[in-house]
1. Let me have the relative contact order for the stretch A:191-265, percent, based on Cα pairs under 8 Å that are six or more residues apart.
2. Under 24 Å between alpha carbons, and skipping anything fewer than 8 positions from B:Lys253 in its own chain: which lysines qualify?
3. Treat every Asp and Glu Cβ in the protein assembly as shown as -1 and every Lys and Arg Cβ as +1, leave all other atoms uncharged, and give the resulting dipole magnitude about the Cα centre to the nearest 20 debye.
4. Could you work out how far the C-alpha centroid of the stretch A:11-32 sits from that of the stretch C:248-296, in angstrom?
5. How big is the protein assembly as shown along each principal axis, measuring the range of its Cα positions in Å and listing the largest first?
6. Which listed residue (C:Trp79, C:Val208, C:Phe63) has the Cα farthest towards the positive end of the charge dipole for chain C, taking +1 on Lys and Arg C-beta and -1 on Asp and Glu C-beta about the Cα centre?
7. Bins of 5 Å, beginning at zero and ending with the bin holding the largest distance: percent of Cα pairs per bin for the stretch C:79-304, please.
8. For the pair A:Asp51/B:Asp183, report the inter-label distance in nm, with labels modelled 7 Å from Cα in the Cβ direction.
Amino acid sequence: MSTALSPTGRRADRVRERLFVALSAVSVAVPLLVLALLLGDVLRTGLGRVDWAFLTSYPSRHWERAGILPALVGTLLLNATAAAMTLPVGVAAAIWLEEYAEAAAGRGGRARRTAMGWLARLVEVNIANLAGVPSILYGLLGLGLFVRTLGMGRSLLAGACTLALLVLPVVVLASREALRTVPDSLREAAWALGATRWQLVRRVVLPLALPGILTGTILAVSRAVGETAPLVVIGALVYLTFLPTSLSSPFSALPIQIYNWTSRPQAGFQTNAAGAIVVLLATLLLLNAAAILVRARLQRRSRA
Amino acid sequence: MDPSNDKIRVEGLSAGFGDRRVLFDVSMALPARRVTAIIGPSGCGKSTFIRILNRMHELVRGAWASGEVHLDGVPIHGPGVDPVLLRRRVGMVFQKPNPFPHLSVRENVLAGLSLTGRRRRSEAEAVMERALAQAALWDEVRDRLDAPAGGLSGGQQQRLCIARALAVDPEVLLMDEPCSALDPIATARIEDLIHALCADYTIVIVTHSMQQAARVSHRTAFLLLGELVEHDDTDRLFTSPRDSRTEDYITGKFG
Amino acid sequence: MSPSGRAPGPFHGPATPPFERILEFGLVACGLLSILTTAGIVAVLAGETVAFFREVPVRAFLFDTQWTPLFADKHFGIWPLVAGTLLTTAIAVGIALPFGLLSAIFLAEFAPARVRSVVKPLLEVLAGIPTVVYGYFALVTLTPLLQRVVPGLSGFNALSAGLVMGVMIVPFISSLAEDALSAVPDALREGALALGAGRLPTVLRVVVPAARSGILAALLLAVARAIGETMIVAIAAGQQPILTLDPRSSVETMTAYIVQVSMGDVPAGTLEYRTIFAVGTLLFLMTLGFNTLGLRLARGAQRVG
């Protein structure tokens, strides 16, 4: 790594090295150029399509009159509900893995310790594997479990539950990372003051880990916002002429609307798709900005 | 109550982590309202020893201990003893100052009470002022009680940690090399403080500095490779050690 | 207080209020939810798949060469879907591996810190674009462009979908491979340099080989990712289960088939409905295999590195 150690070598070697570095730089540049091309293309086609009417209209057979209102509202409700479900569960699971199962509490003796440790290890491996399960299989889980077995039907709630399970592993992993950034010396300080484990977690560890947890969760949710396949399988609708009124309503979502419009042969609908993509990307941008803001703000409060 | 003047009695204490044994059959008595220093080369088991006294040792994965430790004649590993309550009577100060970075000076001092849900608004101010005064920090921070604790100097932070420990109203104060991260001036202030505090508290201090042990303690215990080599009045241990290994150590032949 | 016995010391417990014990059970329950998720996936897939194979012999599934469950003349040969999946995966990984690996070498070994700090977030943006957007790009932008260059390229084709999927996977491979390269101890680099080896030979003959299991892990995880990727192929590769390895042709992947059936309204309990679970089971087993191998290799690489 260190350039100071790099010998000058013969001329041919130097040329070869330069060529290789140039080639590898191109390898980074090409995907980024594709990204630029993609964004440029979408913006050129779609930006002009995004206006107030587009945001506030229902779908229509005529592309000029069609809008994304139910899809946009559906996406917001769906992901807010999913986040509300997954955040407490994910953080709780992370707290258990990091603060309870890892640190072997003296109370309860050795046998319970190993049983717990074994269980925690199983959960860890399982979460790593779940993070690699294709999202469409979560769709099949949602279809079989929430839609059919639990009788939720093709509802907003079924969609939110499915997305919640989908992002749960990411929330757990991000929360564990955040908990790990709290130095052990502060845990020891709390122990020495006679805190119980929960008092220590609640008053010392959680406040300090909160910025990281929230940032990680927002980023996880922003992944769910773009998810399409599981919602298709659950049965999100593409032609919804009313807004969802409750968690048991049928729903649409932006990615579903984009998929549907993209698949239409008429160019007009593909313009609509580009318009909806602009809105989707803007939503993601907002979420990421929020994540950065939350982190900066809470960090300022806790450090200073 | 126990007839003798011993606050803590340790009998046949062995301890370790997994297969590694770091303490071998240590027995000693720690007199009440006196300062006992634990000295010895690094890795001799000093830290493990005092971390057993408030049962912090067992928080480390794979840690074990056998033997008996009595506080006021009551075995601290006995059935029904809750280590959480024990730690409220046996406070601890660590090597590196570790104030809570998200709390103000005031909140740090009261952390022990608010953490454990025992904080009463009416008493809080009095408790805080007393603890800060005992830690000789009141005059320096009285104008910045609501400032974040991270803004204090290293020595002030360590005294803040002492105040935090005192606010819980313990009987014993364990200090694990409390000055090793501090400059000589800050060290001197902490040593003065230890002198003053031993009127009310039983203090156990781990130190790698023999000079410090000689300056602050009444009794000194010398640990070597996990064994208690010698335990005596500090004056006697440093002027006429009975064991040749102690003599070698205090004359600087090793360690 | 008994007159003879000593009063129990004031540190006799419990200090932990009962609600904390209940709370701890709650925390454990939340941890176990992830196991229930896995169990749920397995149960749902297995249940419907068993029902599927009660009607369709395993022989037909494995040896028939046509997949036409939605037609009157039903065939249940899985190979067209598997071939479509492997074709798009091969194109995607064929693109992503060299680009991702070279990017990783550039970022880990040659790029100045300033370039890294710009490029890495941009690669993350690339990874954060929803796949449906990539699908749109492949179908609406890339395919018309390619049709000018590649004769006989159909409107839906494996090539365009595979290429775009490859670009999507580059940051994934790049970041995993970069981790593997960074894990190689500097002592190894310095050792080679001290022997008079140039910087490039040091990287190619010493660092990359030392990181090979981590790089292989990245490859396996990327394959799992590509096999399970859905929207790009559903949009741009088509929905015709043709048994072919011609990248210009329209193909249907396993995931695209599940989408196709889901977009129609197939009633529960029918054989058509069950086909998507049978296909899902195969998809699950394939991705699980690659992921398990990849994760194991990655862990091994960490230990050595």
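1. Details: 29 pairs, mean separation 16.6, N = 75.
Computed over the stretch A:191-265, the figure is 22 percent.
2. Straight-line reach from B:Lys253, under 24 Å: B:Lys46.
3. The dipole of the protein assembly as shown has a size of about 940 debye.
4. 40 Å
5. Reported extents, whole Å, longest axis first: 100, 76, 58.
6. Of the candidates, C:Val208 comes out farthest on the positive side.
7. All Cα pairs, binned at 5 Å, distribute as 1, 7, 13, 15, 16, 14, 11, 9, 6, 4, 2, 1, 0, 0, 0 percent.
8. 6.9 nm
Here, each number is a calculation from the coordinates, and none is a lab measurement. This structure is a prediction, so every number in the text was calculated from the model and none was measured. Cβ atoms come from the backbone with ideal geometry, glycine included; neighbour counts cover every protein chain shown.
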